[in-house]
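Here the structure comes first, spelled out in structure tokens, and everything after it is commentary.
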Amino acid sequence: MLKSIVHEIIGAPRRPPELPQSLEQFRDRKRVLLIFADAQDDRAVIQDEWLRNAHMRLIEEDVEVFIIAGGGAFSPFDDGSELDADDVRERLQGPPSGEFGLILVGRDGAVKLRSSEPRTAEDIFAAFEMLPKQTPW
């Protein structure tokens, strides 16, 4: 954060962020919703239910959903894409292993929503229109 403040003050150009290689395939094409889950946490079950109820709208809005748990990543909707779970967690500053978290990444690579609590489908869809709040991936 200090670097970004210094860059704003002195006007030095910022280096483009280093993207997780496995998310690069979605840039400019799809939004990516990452759910960091733990089998012991009910929040992941609640989030999964809310997303399953909104499955068709997620498809319409070009949202790829991935569950990151136990060191791996998988799609609850069987899209066939693979992610490097450790790289994604590290570069997007996801929650520590074993904790619940949600990160929505826009088509532009910016994090649009970050939460440590489950979010309704409407909260997620509303975040699509928000300006980037955090550093791009």
- Task: Work the Kirkwood hydrodynamic radius out for the range 92-132: mean of 1/r over every pair of different alpha-carbon atoms, inverted, in Å.
- Result: 10.8 Å
- Message: Cβ neighbours within 10 Å, averaged per peptide: list 100-107, 116-123, 33-40 in order, most packed at the top.
- Response: 100-107, 33-40, 116-123
- Dividing the alpha-carbon radius of gyration of the range 21-127 by 2.2 N^0.38 Å, where N counts its residues, gives 0.95
- Message: For the range 32-99, what does the accessible surface come to per residue with a 1.4 Å probe? Please give it in Å².
- Response: 55 Å²
- Heavy-atom accessible surface of the range 21-127: percent carbon and sulfur, 1.4 Å: 43 percent
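The values are calculated or read from the model by the stated rules, or taken from the named source; none is laboratory data. Owing to the predicted nature of the structure, the values given are computational and were not obtained by experimental measurement. Every residue, glycine as well, gets a Cβ built from its backbone with ideal geometry; the counts of neighbours run over all protein chains shown. When the accessible area is computed, the model is the full protein with side chains, heavy atoms only, and any ligands, DNA or RNA have been set aside. Shrake-Rupley method; radii C 1.70, N 1.55, O 1.52, S 1.80 Å.
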